[in-house]
1. What list of ³J(HN,Hα) values in whole Hz, one per residue of segment B:136-153 in order, does the Karplus curve 6.51 cos²θ - 1.76 cosθ + 1.60 (θ = phi - 60°) give from phi, with Gly and Pro shown as x?
2. Using only Cα atoms, what is the ratio of the radius of gyration of segment B:203-290 to 2.2 N^0.38 Å?
3. Can you list residues whose amide H is under 5 Å from B:Ile113's amide H, if they're 5+ apart or on another chain and H is modeled 1.01 Å from N?
4. Can you sort A:Glu112, B:Glu147 so the residue with the fewest Cβ neighbours within 10 Å comes first?
5. Residues with amide H under 5 Å of A:Asn108's amide H, sequence separation 5 or more or different chain, H placed in the peptide plane at 1.01 Å from N; which?
6. Largest first and in whole Å, what are the equivalent-ellipsoid semi-axes of segment A:16-56 based on the Cα gyration tensor, each being the root of 5 times an eigenvalue?
7. Sorting check: for B:185-194, B:48-57, which peptide has the highest mean count of neighbouring beta carbons within 10 Å, and how do the rest follow?
8. Given Cα pairs under 8 Å that are at least 6 residues apart, what percent is the relative contact order of chain B?
Amino acid sequence: MIEIRNMLFQYGEGDFRLDVPSLQVASGERVAVVGPSGSGKTTLLNLVAGIARPQSGDVVTVGQKLADLDDGATRNFRIRNIGLVFQEFELLEYLDVLDNVLLPYRINNSLELDSQVRQRAAELLKSVGIGHLRDRLPDHLSQGERQRVAVCRALLVKPPLLLADEPTGNLDPANKGRVLDILVDYAAANDATLVTVTHDSNLLSRFERVIDFSDFLGRAG
Amino acid sequence: MSGVLYLAWQYLAYNRWKTTILVGSIMLIIYLPVGLNVVVEQSGQHLNARAQATPLLVGAKGSPLELTLNTLYFSLDTPELTTFREATSIAESGLAEAIPMYVRFRSRSQPIIGTSFEYFAFRGLTLADGRMPALLGEAVLGATAAETLGVGVGDAVVSSPETAFDLAGIYPLKMNIVGVLEPSFTSDDNAIFVDVKTAWIIEGLGHGHQDLANPDASSAVLNRTADNIVANASLVQFNEITVDNIESFHFHGNLDGYPLTGVIAVPNDDKSGVILMGRYLDSEANNQNVRPRDVVEELLDTILTIQQFIVAAVFIVAVATIATAALVFLLSLRLRRREIDTIGKIGGGRWHVASMLLAEIVIVLVLGCVLAAGLTALTWRYGSAIIESVVMA
């Protein structure tokens, strides 16, 4: 599902260098990425998603070598194949819950918004226990509810790959478990790959493999 | 594309106060010069048409503008008063037809025009209903006046006192409506026309009361001599002219000395007009002669100059507003950096983000333009009425 070979990434002329000689994540695998702050965990997700591009080396995601795609094609590929979940939820404040979930269908022509998609969005919201909040604006939701909306947005296109950047970082213990359950259950039910960056060691037992980014620190500047 | 428009609309709706201010600003900077131009153009047409149709005005020396606005457009400002003698003099000169005008009183907001029968022929006014006034106390209404007051032939209108609390002032006179005019789309539509003598009765210069020779009125007699009867305050004065009391109405003194606000002079030919104008060149003369078209032209020149100043000021404000709006937009882009990044990370195309931002600008511009167009249409529709009310005030 994810294959990285001899990848080198550097932000401009800065000190930060991420050097990953080899990394593979199998299809359907649930992987936790841990490591100290600034070690490049988020950068890794960005590289796997095609949001950032390495200076050298190959990144293959969902069978697609990202270097072969131009910017537009990368965005089209990403929106159809990768579900992204962020620590800060990143909901649009002016859209209600349902519209936030439907956002991918409104910002890219490669997806077509129809009644089935709307129905699926409503069902997703119900399945995570916030179906009754579909008309609310994000300002009127709790942190846990917001993250569940963000997760529904990531799951709507039924992506084969989920990339979650500290999805539980801003949540209380009860919501942490709940959000992680949703992600893990989805991955299990759909044979999807889940890569989650986390600082929470209590959650590691939910993953099949843990990649410790401290391993790459020797190479990171 | 619909997704982009939807997102743009949702953003604008969520930030409704910011949107309202931007749309309002756009609307104003478009509407002010355009609406002003419509008003000026309509006022020019409105004022010019009537001025062109009125050859000469004669009135007491004073403001030519006040005389013109009062005589032609029935404005509230009463010019210096001339006398009926002036109308008689013009008529007797054989140079022009003289139409007396006494525009001083109102019935609610409608002006009461004391004039002669010739006025209707001169303005080409025709009846829609009823007949022309033939007796004292009879009135003919313009189409708008009848509609505004909600009256018609057979009803009555009452003159309004000049000052509500002046007990010694003019008492209201009830006038019977005998005709309603066809619309002429001029100031005449708003007016109530009566004979000039009726206007003098409204002023109290003519009046009717109980016959003191009648035994029934004996209690009103204060002193009676062989050739004079003095009445006391209980004498009943009539505030309506009827068939039964019309004979009692009378005027004291010589009518030539009675007041007029102006006289419309219609010269028999160009030469007569020039001769007539020459009569008023004497600096010692108490009256003046004005050509309404000259007065209105001067007024329009002044309005045009003011309009140019206003348009220049609006242009400067518009530049400042657009610069401010652009600044607000650029600042909002900085504030929305995270939102834009999120859309990009999820997979939104650059074109989509740019289109969304552009759509927001276009929607604001379109809303501003539509509202400005609506206001302009309203101004176009009601501009004449506004001008009318401004001139009459």
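1. Result, rounded to whole Hz: 4, x, 9, 9, 10, 9, x, 4, 5, 4, 4, 5, 5, 7, x, 10, x, 4.
2. Details: Rg = 21.4 Å, N = 88, 2.2 N^0.38 = 12.1 Å.
For segment B:203-290, the normalised Cα radius of gyration comes out at 1.77.
3. Sorted by chain and number, the residues that satisfy this are B:Ile192, B:Phe193, B:Val194.
4. On the way: A:Glu112 8, B:Glu147 15.
Exposure proxy ranking, most exposed first: A:Glu112, B:Glu147.
5. Placed amide hydrogens put nothing under 5 Å from A:Asn108.
6. Details: eigenvalues 60, 39, 21 Å².
Each semi-axis is √(5λ); the values are 17, 14, 10 Å.
7. Values: B:185-194: 22.5, B:48-57: 17.9.
Descending mean neighbour count gives B:185-194, B:48-57.
8. Relative contact order, chain B: 31 percent.
Rule-based calculations on the coordinates, nothing more; no lab input. Quick caveat: nothing in here was measured; it's all calculated off a predicted structure. Reconstructed Cβ throughout: ideal geometry from the backbone, glycine too, with neighbour counts over all protein chains shown.
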